[in-house]
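A short worksheet on the structure shown next.
The values are calculated or read from the model by the stated rules, or taken from the named source; none is laboratory data. Since the model is a prediction, treat every value here as computed from it, not as a measurement. Cβ: placed from backbone, ideal geometry, glycine included. Neighbour counts: every protein chain shown.
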Amino acid sequence: MAEFDVTIRPVEPGDALGLARIQIDTWRDAYVGMLPDDTLLDLDDMRAAVRWTRVVGGLRVPEALAVAEIEGRLVGFCHGGAGRRAVAEAVDRLEPVAEVYALYVDPSFQGMGIGRALLADVTRRLIAHGFEALALLTLADNRHGRRFYDRIGGAVGEAIPSVVVGSPADQVPYFWPDMERLVQRLDAPAA
């Protein structure tokens, strides 16, 4: 496997099109058979870039959005912040939790530790804002993503009926009650 010099850095305003490309490429790779083919084919880089431009321009503390870059090309990103009430309820928490809203790595660069590095970076930033516990939702049928979350010690909850881009799709919550321990696990060499 080739080695690359990966830079993890905060998002910049000019990154929106790269974020859109990564999200769409990842969805088209990972979600085949989980979401309707037409939904995946209809994803549009420019519409997604407009959405990501709004997200980047509207980031507010405690939100964090980190990108992974190789030789000037964005290859992944992680976006997190304060957990939505529904997510906290899904993991049976009354107190506020941090939430990862999105974690995507270009399919050509998966399996290289980039997702781990991105998640560790965003988790550290959220810890700095006083969060102790982290949660996220992923598609129930997302076997690749779920294997990753299982390997890094996520406790999985019960499936939640959802609608994703207009299509019914169950999601499952993952939860880490100790974010410091999660960072230690992410920083350790992958087993």
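Applying a threshold of 7 Å to beta carbon distances and a minimum spacing of six or more residues, or different chains, the list of pairs starting in region 156-167 at a residue that is over 17 Å from Glu89 (Cβ atoms) and of a type in the set (A, V, I, L, M) and ending at one that is at pLDDT below 80 and surrounded by 13 or more Cβ atoms within 10 Å (Cβ to Cβ) reads Val164/Leu35; Val165/Leu35; Val165/Thr39.
To keep it simple, each residue is scored yes or no on (1) modelled with pLDDT of 95 or more; (2) closer than 22 Å to Gly18 by Cα; (3) of a type in the set (A, V, I, L, M, F, W, C); (4) out of contact with any strand residue (DSSP E or B) (no Cβ under 9 Å at 6 or more places or on another chain).
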| site | (1), (2), (3), (4) |
| --- | --- |
| Pro96 | no, no, no, no |
| Ser108 | no, yes, no, no |
| Met112 | no, yes, yes, no |
| Ala117 | yes, yes, yes, no |
| Ala120 | yes, yes, yes, no |
| Ile127 | yes, no, yes, no |
| Leu134 | yes, no, yes, no |
| Leu137 | no, no, yes, no |
| Ala140 | no, no, yes, no |
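Within region 138-153, residues that are acidic (Asp, Glu) have Cβ atoms under 8 Å from residues that are surrounded by fewer than 16 Cβ atoms within 10 Å (Cβ to Cβ) and outside any helix (DSSP H, G or I) in these pairs: Asp141/Gly33; Asp141/Asp170; Asp150/Val156, counting only partners at least 6 apart in sequence or on another chain.
The residues on offer are Leu134, Leu103, and the sole one that is farther than 20 Å from Trp52 by Cβ and not charged (D, E, K, R) is Leu134.
Take Ala66 and tell me if it is under 24 Å from Ala135 (Cβ atoms), surrounded by 15 or more Cβ atoms within 10 Å (Cβ to Cβ), among the small types (Gly, Ala, Ser) and within 14 Å of the chain's Cα centre (by Cα). Yes, satisfied. Hey, among the residues in region 146-156 that are under 15 Å from the mean Cα position of the chain (by Cα) and not in a helix (DSSP H, G or I), which one's surrounded by the most Cβ atoms within 10 Å (Cβ to Cβ)? Going through the qualifying residues, I end up with Gly154. The set of residues in region 157-191 that are in a helix (DSSP H, G or I) and touching a Leu at 6+ places or on another chain (Cβ under 7 Å) comprises Met179, Leu182, Leu186. Does at least one position in region 80-89 carry a residue that is surrounded by 21 or more Cβ atoms within 10 Å (Cβ to Cβ) and assigned to a strand (DSSP E or B)? Looking for residues that are surrounded by 21 or more Cβ atoms within 10 Å (Cβ to Cβ) and assigned to a strand (DSSP E or B), one finds at least one in region 80-89, hence yes. Specify the residue that is surrounded by the fewest Cβ atoms within 10 Å (Cβ to Cβ); the eligible residues are those in region 134-145 that are touching an Asp or Glu at 6+ places or on another chain (Cβ under 9 Å) and part of a strand (DSSP E or B). Within region 134-145, the match that is surrounded by the fewest Cβ atoms within 10 Å (Cβ to Cβ) is Leu139. Taking residues in region 6-35 that are under 19 Å from Val165 (Cα atoms), and partners anywhere that are assigned to a strand (DSSP E or B) and of a type outside the set (A, V, I, L, M, F, W, C), the pairs with Cβ atoms closer than 7 Å and at least 6 places apart or on different chains are Ile22/Gly76; Ile22/Tyr104; Gln23/Tyr104; Thr26/Tyr104; Leu35/Ser167. Among the residues of region 159-185, those identified as surrounded by 13 or more Cβ atoms within 10 Å (Cβ to Cβ) and either at positive phi or touching a Ser or Thr at 6+ places or on another chain (Cβ under 7 Å) (or both) are Val165, Ser167, Ala169, Asp170, Gln171, Val172, Tyr174, Met179, Leu182, Val183.
For region 107-122, residues that are surrounded by fewer than 21 Cβ atoms within 10 Å (Cβ to Cβ) and either touching a Gly at 6+ places or on another chain (Cβ under 7 Å) or on the phi > 0 side of the Ramachandran plot (or both) total 3. Taken together, Asp141, Asp121, Asp178, Asp106 contain a single residue that is closer than 18 Å to His79 by Cα, of a type in the set (Asp, Glu) and out of contact with any helix residue (DSSP H, G or I) (no Cβ under 6 Å at 6 or more places or on another chain), which is Asp121.
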